[in-house]
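Everything on this sheet refers to the single structure shown next.
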Amino acid sequence: MFQIALDILTKQEAKELLTPKMLNTVDIVEIGTPLIIRYGLSIVEQIKDWIKGDKILFADTKIADAGHWETCEAISSGANMVSVLAGASFNTLEEVRDATQLNQAKMVVDIIDLSLSDESKIKFINTLNPDYLCIHLATDVVKKGGSLLEFSRQLSFVSSRRLPLMVAGGIHPQNLLDILKNIQPAVVVAGSSITKASDPELEAQNMRRIIDETILY
Ligand SMILES: O=C([C@H](O)CO)[C@H](O)[C@H](O)COP(=O)(O)O
């Protein structure tokens, strides 16, 4: 699947990006953490209202604590999918799992730059059986020239993975094929490569074509 991430934008810019063509090109609309920080969870409700379709809405909440409460808040704002940090406590991860299951929503565990060298943590995450494990290179690392592919090579669990993977962080048409071939993700996330492109619809369509032609998932 293909996901657009709406991050460091204004409400108006986010709205302008969500054209019918864009919505036909992507499977999931991510309301990024920066947008939630800027406008609160009410932005999820607004986007749900604008797009008026059955798109999956992913609130990138990056929950670190208060798992049940924060998950329920995001879901009641209209999100079908929420994220929790892999670095959160076992109890928090479990609360997010229970709250998403209870509400038929999806759970993403975001490892954001955590090596997960802690075997007991990765084993525990596997037992929770989240919908996706997100291999995520932080924006601040991407800015300094970091590579998602190199990062993923340091993660021993990628080859022995048991969970569907989501990939995020600096993905653009030029590195997409390598990422697809080497990681074989279930979900590809693209934020700034689309939102900052001179023609966002065309950029998204290019990436969609590469994904569809590769069909690894
Ligand atoms: O989740 C994200 C990041 O933590 C900022 O909130 C981004 O959506 C994700 O990293 C994708 O961003 P791009 O590198 O701009 O594609």
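The values are calculated or read from the model by the stated rules, or taken from the named source; none is laboratory data. The shown structure was predicted, so the numbers you read here are calculated from the model rather than taken from an experiment. Note that each Cβ is placed from the backbone with ideal geometry, even for glycine, and that neighbours are counted across all protein chains shown. Heads up: the accessible areas ignore ligands, DNA and RNA and are worked out on the full protein's heavy atoms, side chains in. Shrake-Rupley method; radii C 1.70, N 1.55, O 1.52, S 1.80 Å.
Averaged per residue, what accessible surface does segment 116-217 expose to a 1.4 Å probe, in Å²?
In whole numbers, segment 116-217 has 51 Å² accessible per residue.
Check residue 110: other-chain or 5+ apart residues with amide H under 5 Å from its amide H, H built from backbone geometry?
Result for residue 110 returns 84, 85, 86, 134.
Would you please calculate the Kirkwood hydrodynamic radius of segment 66-193 over all C-alpha pairs and express it in Å, rounded to one decimal? Could you put the intermediate results ahead of the total?
Working: mean 1/r = 0.0665 Å⁻¹.
It works out to 15.0 Å.
How big is D, in µm² s⁻¹, for segment 2-216 by Stokes-Einstein at 25 °C and 0.890 mPa s if Rh is the Kirkwood radius over C-alpha pairs?
Values: Rh = 17.3 Å.
The Stokes-Einstein estimate is 142 µm²/s.
Could you point to the residue in 93, 64, 32 farthest towards the positive end of segment 32-104's charge dipole, with +1 and -1 charges on the Cβ of Lys/Arg and Asp/Glu respectively?
32
I'd like to know how segment 1-130 sits against the 2.2 N^0.38 Å rule of thumb: what's its Cα Rg over that expected value?
Normalised Cα radius of gyration, segment 1-130: 1.06.
Straight-line reach from residue 144: which lysines fall under 20 Å, measuring Cα to Cα and dropping same-chain residues less than 8 apart?
196
Can you work out the Karplus-derived ³J(HN,Hα) for every residue in segment 198-209? Use 6.51 cos²θ - 1.76 cosθ + 1.60 with θ = phi - 60°, whole Hz, and x for glycine or proline.
Going residue by residue, I get 5, 10, x, 5, 5, 4, 5, 5, 4, 5, 4, 5 Hz, with x marking Gly and Pro.
State in Å² the accessible area per residue of segment 1-92; use a 1.4 Å probe, count heavy atoms of protein chains only, and round to the nearest integer.
Numbers: 4030 Å² over 92 residues.
That works out to 44 Å² per residue.
Would you mind telling me the share, in percent, of accessible area of the chain contributed by carbon and sulfur at probe 1.4 angstrom?
Ligands and nucleic acids excluded, carbon and sulfur reach 49 percent.
Summing Lys, Arg as +1 and Asp, Glu as -1, what charge do residues with Cβ under 11 Å from the Cβ of residue 66 carry, residue 66 excluded?
Taking every other residue near residue 66 into account, the sum is -4.
Projecting each Cα onto the charge dipole of segment 2-216 (Lys/Arg +1, Asp/Glu -1 at the beta carbon, about the Cα centre), which of 137, 147, 191 comes out farthest on the positive side?
Among 137, 147, 191, the one farthest towards the positive end of the dipole of segment 2-216 is 147.
Under 17 Å Cα to Cα from residue 181, which aspartates and glutamates show up? Leave out anything in the same chain fewer than 8 places away.
Result set, ordered by chain and number: 150, 212, 213.
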